[in-house]
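What follows is one structure encoded as structure tokens, with my remarks underneath.
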Amino acid sequence: MIRFLHMSDTHLGSRIYMSDDREQDFYDSFDEAMDIAIREKVDFIVHSGDLFDTWSPSNYALSKFRDSALRMKEAGIPMFLIMGDHDRPKRTDYPAAEIFNFLGIRLLGKDAVENVTHEVGNDRVLIAGISNMKGFRRNALLEEYRRADEISEGSTNSVLISHQAITGYLYDEACEARPEDLPVNFSYLAFGHVHDWALKQDRRPVFSYAGSTELKSTREIPAFIKNGKSVNLVSLNNGIATVDRRKLKSVRFQYAIESNPSDYQAQIDEAIEKFSPRFGNKKPVFTLRIVGNTDKDRVRATLKSYDGIIFRPPEFISEKVEVESRPGMENIGDYINAYFSNEPELAGIASQYYRIARSDRDAAMKFLMEKLGVGDQ
Ligand SMILES: [Mn+2]
């Protein structure tokens, strides 16, 4: 039997709200995943991308990962990984993870599917990886999946590592392949990119998004409340994959409240009552949105009275506007940001253009001309 740990989207070095504590949270949950791997004596670790938060991580983030890689090396556990959209270099450069190849960190499939055969006692497992394919690479994705299937034919135990959005797991506009496009010859499809955990194990290949190990966005809160964050402990027995989900306890608890001005305190108290067993030894972060006219200073003062909770600056909305809900259109800003992922500058330009173009065609053309640096200005 072969046992490995599937983890994903660890975003080491991520600094949310420019906070040192929040950066540390990402290292904490990574360390906890390492503890599980070492305690369970897994044969190897599979990481499905977005190891670091950017392709050019800080020296501190690199040194934190070095420490973890040393622990893995000492425990005799190699790591096979691919690049996510966050850690693929934006210009000609060396992928950060590859610096650590001498410690048993093996990056797979930079531009096309790549595979290794790993031996565990008398068992062998084929491990294939294809790094994130987006932009101009995306057109080649399905062909790479087909090649991966060819490569894995005849292998009893096989794992494919990929970092893409599959239809059904993210809003349609962001999806890059459909479930029926996925390779079928593998025992286990180790996926990354979608930060909410997902598992389909009713048929072979078993498919899973291991999910992120910390919350990168408040959008992850509902799934986090329901499922927590976790890593997958996977067993391969004669080609059959079985997943044992291990929840991570070091993840900082987060909660979101949308309320009217008269009710928000009751909702906060209720949430504390209900969820305090999950807080652990880190102060939880609450996100509050108040809809309706209210005394903002008073709200801020009230929030200060809660010692044990970190509140993000509350969002005040004077009136909730009910827009006719057309699927896929109510959050255009989110879609634009998601599409451009870690290119905030491009996302900003696209959002600005969209906003102007909705109401004023001439102004939109002028905006484009200015951006392109043509015409009189
Ligand atoms: Mn990610």
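The values are calculated or read from the model by the stated rules, or taken from the named source; none is laboratory data. The structure presented is a predicted model; accordingly, all values stated were derived computationally and were not measured. Here Cβ is always computed from backbone atoms with ideal geometry, including for glycine, and neighbour counts include all displayed protein chains.
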Just one of (1) over 19 Å from D31 (Cα atoms); (2) crowded, with 18+ Cβ neighbours inside 10 Å trips up A61, so point out which.
(1)
Just checking, does segment 75-86 include any residue being modelled with pLDDT under 95 and within 16 Å of the ligand (Cβ to nearest atom)?
yes
Considering only segment 175-217, give the strands (runs of 3 or more DSSP E) lying wholly within it that have at least 2 residues that are at pLDDT 95 or above, more than 16 Å from the ligand (Cβ to nearest atom) and hydrophobic (A, V, I, L, M, F, W, C).
206-209
Write out, first by first residue and then by second, each pair whose Cβ atoms fall under 7 Å of each other, whose residues are 6+ apart or on separate chains, and whose first residue, in segment 172-189, is without any contact (Cβ under 8 Å) to a residue 40 or more places away in the chain and charged (D, E, K, R) while the second is in a loop (DSSP other than H, G, I, E, B) and surrounded by fewer than 20 Cβ atoms within 10 Å (Cβ to Cβ).
R178/T167
Looking at segment 14-31, which of its residues are crowded, with 19+ Cβ neighbours inside 10 Å and either under 29 Å from T117 (Cα atoms) or of a type in the set (S, T, Y) (or both)?
S14, Y27, S29, F30
Within segment 91-101, how many residues turn out to be within 16 Å of the ligand (Cβ to nearest atom) and either farther than 20 Å from N115 by Cβ or among the basic types (K, R) (or both)?
1
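Only one of T92, T117, T156 is β-branched (V, I, T) and either under 16 Å from S48 (Cα atoms) or modelled with pLDDT under 95 (or both). Can you tell me which?
Testing whether each residue is β-branched (V, I, T) and either under 16 Å from S48 (Cα atoms) or modelled with pLDDT under 95 (or both) leaves just T92.
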Inspect segment 30-38 for any residue being under 20 Å from G104 (Cβ atoms), within 14 Å of the ligand (Cβ to nearest atom) and in contact with a Ser or Thr (Cβ under 8 Å, 6 or more places away or on another chain) and give the result as yes or no.
yes
Out of the residues in segment 1-13 that are within 16 Å of the ligand (Cβ to nearest atom) and not charged (D, E, K, R), state the one that is surrounded by the fewest Cβ atoms within 10 Å (Cβ to Cβ).
G13
